[in-house]
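The values are calculated or read from the model by the stated rules, or taken from the named source; none is laboratory data. As the structure is a computational prediction, the values presented were derived from the model and not from experiment. Note: ideal-geometry Cβ built from the backbone for every residue, glycine included; neighbour counts use all protein chains shown.
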Amino acid sequence: MSTDHGDHSKSAKDIMRAAIPVYTSAGTAAAIGLSGHRLRTVEANKQFTVGTWTILPFDVEHDVEEPLGFLLTNPTGDKLVFLTDTYYCKYRFGGITHLMVECNYALDIVNRRVEAGELHPSQKRRLLTSHFSLEHVKDFLRANDMRSLREVWLLHLSDGNSDADRFRREVQEVTGAVVRVAER
C-alpha cells in the first residue's frame, strides 16, 4: 500500500497546531506521521460524537493504510455520507440527506487519453483500483436510498480525466438533487 496521501493530509499537522483535533484511523495517522494530543484515532464501525453530530466511520477500499468513509447524523435529521478516495463501498445507506463523494474520472475519458498517449496504461490501472469513477458513483447512488437526498458534492475530480459539467449533469439526472462540484 502507498503511504503517500499528501493530497488529503498535507495540512493535518497545521490543523492540529491551530488547536483543532484531527480524526483519522490509526493506520492513516501512522502512515503520515501524525501524533499528539489533538490526534483522535477512530475505528471502523465504532461511532463517536463531535458536538451534536454522531459519526460512524466505515472501511473503504483504497491503496493506503486503513482508509475510512464517514456517516454523520445529527438530531435535526441530517444524514451525511462522506466517501472519498475509494473505488468501492460495500455499505448501503438509507435516508441520506447530503452526500460528499469522490467522482475522480470517467472511463471513456481515461481510455481516450490512453489511446492518445497522454496517460500511461499503468496510471489507468491504478485509477481503476483506487478511485471512484463517474460510473461507480452513479451505481452507488442507484444502490442506496436517495429519496431524502437534497445535496451532492462531487469531490476529488481528476485534472485530466474528468469533466465537471458532465459529471454534475449526469449525477443530477440520477438523483434529482442539487449537485455541486468542489473546486480544487
Handout entry: Residue match in the stretch 163-182 (condition: part of a loop (DSSP other than H, G, I, E, B), touching a helix residue (DSSP H, G or I) at 6+ places or on another chain (Cβ under 6 Å) and surrounded by 14 or more Cβ atoms within 10 Å (Cβ to Cβ))
Key = no
Exercise for the section: State yes or no: is Thr76 in contact (Cβ under 8 Å) with a residue 40 or more places away in the chain, part of a loop (DSSP other than H, G, I, E, B) and either within 24 Å of Thr28 (Cα to Cα) or hydroxyl-bearing (Ser, Thr, Tyr) (or both)? Expected result: no
Practice task
Can you tell me which residue within the stretch 101-118, out of those that are part of a helix (DSSP H, G or I) and in contact (Cβ under 8 Å) with a residue 24 or more places away in the chain, is nearest to the chain's Cα centre (by Cα)?
Solution key: Leu107
Fill in the blank from the handout: For Tyr88, the lone unmet condition from (1) more than 24 Å from Val178 (Cα to Cα); (2) touching a His at 6+ places or on another chain (Cβ under 8 Å) is (1)
Practice task
Look at His136 and say whether it is within 16 Å of the chain's Cα centre (by Cα), within 22 Å of Val171 (Cβ to Cβ) and assigned to a loop (DSSP other than H, G, I, E, B).
Solution key: no
Practice task
For Leu134, indicate whether it is touching a Cys at 6+ places or on another chain (Cβ under 8 Å), under 24 Å from Pro67 (Cα atoms) and in contact (Cβ under 8 Å) with a residue 60 or more places away in the chain.
Solution key: no
Practice task
Within the stretch 80-96, identify whether any single residue is surrounded by fewer than 18 Cβ atoms within 10 Å (Cβ to Cβ), in contact (Cβ under 8 Å) with a residue 40 or more places away in the chain, in contact with a Lys or Arg (Cβ under 6 Å, 6 or more places away or on another chain) and closer than 27 Å to Glu173 by Cα, and answer yes or no.
Solution key: yes
Completion exercise
Filtering the stretch 98-127 for residues that are surrounded by 18 or more Cβ atoms within 10 Å (Cβ to Cβ) and either polar (S, T, N, Q) or in contact with a Cys (Cβ under 8 Å, 6 or more places away or on another chain) (or both) leaves a count of 1
Practice task
From the list Ser130, Ser158, Ser148, pick out the single residue that is in a loop (DSSP other than H, G, I, E, B), on the phi < 0 side of the Ramachandran plot, of a type in the set (Gly, Ala, Ser) and modelled with pLDDT of 95 or more.
Solution key: Ser148
Practice task
From the list Asp78, Asp59, pick out the single residue that is of a type in the set (Asp, Glu) and within 23 Å of Arg126 (Cβ to Cβ).
Solution key: Asp59
